[in-house]
1. So how many Lys-Lys pairs in segment 152-267 land under 30 Å Cα to Cα, not counting same-chain pairs under 8 apart?
2. Arrange the peptides 136-146, 63-73, 81-91, 24-34 so that the one whose residues have, on average, the most other Cβ atoms within 10 Å appears first.
3. Mind ordering 11-23, 196-208 by average Cβ neighbours within 10 Å, highest first?
4. Rounding to the nearest 20 debye, state how big the charge dipole of the chain is about its Cα centre with +1 on each Lys and Arg Cβ and -1 on each Asp and Glu Cβ.
5. Rounded, prolate or oblate: which fits segment 1-120 when a ≥ b ≥ c are the square roots of the eigenvalues of the alpha-carbon gyration tensor, with rounded for a/c under 1.5 and prolate only if a/b beats b/c?
6. Quick check: with the 1.4 Å probe, what order do R162, R108 take by accessible area, largest first?
7. Sum -39500 (n - 2.57) across every DSSP H segment of at least 4 residues in the chain, then divide by the residue count to get the 222 nm mean residue ellipticity, nearest 500.
8. Can you tell me the length gained on complete extension of the stretch R225 to Y66, counting 0.36 nm per residue apart and subtracting the Cα distance?
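The values are calculated or read from the model by the stated rules, or taken from the named source; none is laboratory data. Given the structure is predicted, the values throughout are model-derived calculations rather than measurements. Here Cβ is always computed from backbone atoms with ideal geometry, including for glycine, and neighbour counts include all displayed protein chains. Each accessible area value is taken on the protein alone, full model and side chains, heavy atoms only, with ligands, DNA and RNA left out. Shrake-Rupley method; radii C 1.70, N 1.55, O 1.52, S 1.80 Å.
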Amino acid sequence: MARIENCFARLKKENKKALIPYICAGDPSPSLTVPIMHALVRGGADVIELGVPFSDPMADGKTIQYASERALIKGMTLRKVLDLVNQFRGENSTTPVVLMGYANPIERMGIDTFVKEASDAGVDGVLVVDYPPQESIELKDKLHAEGIDTIYLLAPTSTQERIQEVVDNASGYIYYVTVKGVTGTKKADAVKVASKLPEIRKDTSLPICVGFGIKDAQSAADMARIADGVIIGSRLVIELQQAGEKAPQKAEEWLGQIRTAMDAPIS
């Protein structure tokens, strides 16, 4: 838990907001994933969300669905994703890495095995889209015992009961989904998001990071003014896929523009 907690503590002292890019492990190719992760750090990433490819990613739009398909075709598995994290840790011992995925690969591996191997690899947080708090108590307890944070989703439709369940079980940060629907399909509305976050903040001191519908530097900057962190995925996945073998260079360049916009003084 220390890496994520320390990251947000540092950002608070620096009066900055977290920039959290999402990439799908193995896309555009397994050999490029670790170089892309390092490039994202150079571009200004504070935390990296590393997607675990899955055949039926129900919360994701076509962009990430296709990225998962490409990665699976190239042989990516949960164990290989953990191997990539371990490789990344060979050169970077400070940037938090959060795995984002679905329950099936974890259950197939076995919870005990997954938790041990995730800890050994240097994973800092786990977000399992289809594991709501009340159905993931065993996983949460075992992850926390190994110092790994559990991150949960909240959405515009979340009830007060669901908000309370999440804040009672989450650690690291809370992921607020800015739009109704799947990733990469709608543009986030900063005004609507700003009206919802106080309802969550009154019950937790955890950072609240926002994702879905953040497509460019301007929308990232708008969200950085109201949230503790900005998560950006689908647009980045498109940029990397189009860049091919030059994906690491593109990752650093493109994310650097987002970082610059987020850190710019409000005019």
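1. For segment 152-267, the number of qualifying lysine pairs is 21.
2. Details: 136-146: 15.9, 63-73: 19.9, 81-91: 18.0, 24-34: 22.7.
So the peptides 136-146, 63-73, 81-91, 24-34, ranked by packing, come out 24-34, 63-73, 81-91, 136-146.
3. Values: 11-23: 19.2, 196-208: 15.2.
Descending mean neighbour count gives 11-23, 196-208.
4. Values: 31 positive and 35 negative charges, 162 e Å.
For this selection, approximately 780 debye.
5. Here segment 1-120 falls in the prolate category.
6. Ranked from most to least accessible, the order is R108, R162.
7. Value at 222 nm, helices only: -15500 deg cm²/dmol.
8. Values: separation 159, 0.36 × 159 = 57.24 nm, distance 3.16 nm.
Gain on extension, R225 to Y66, equals 54.1 nm.
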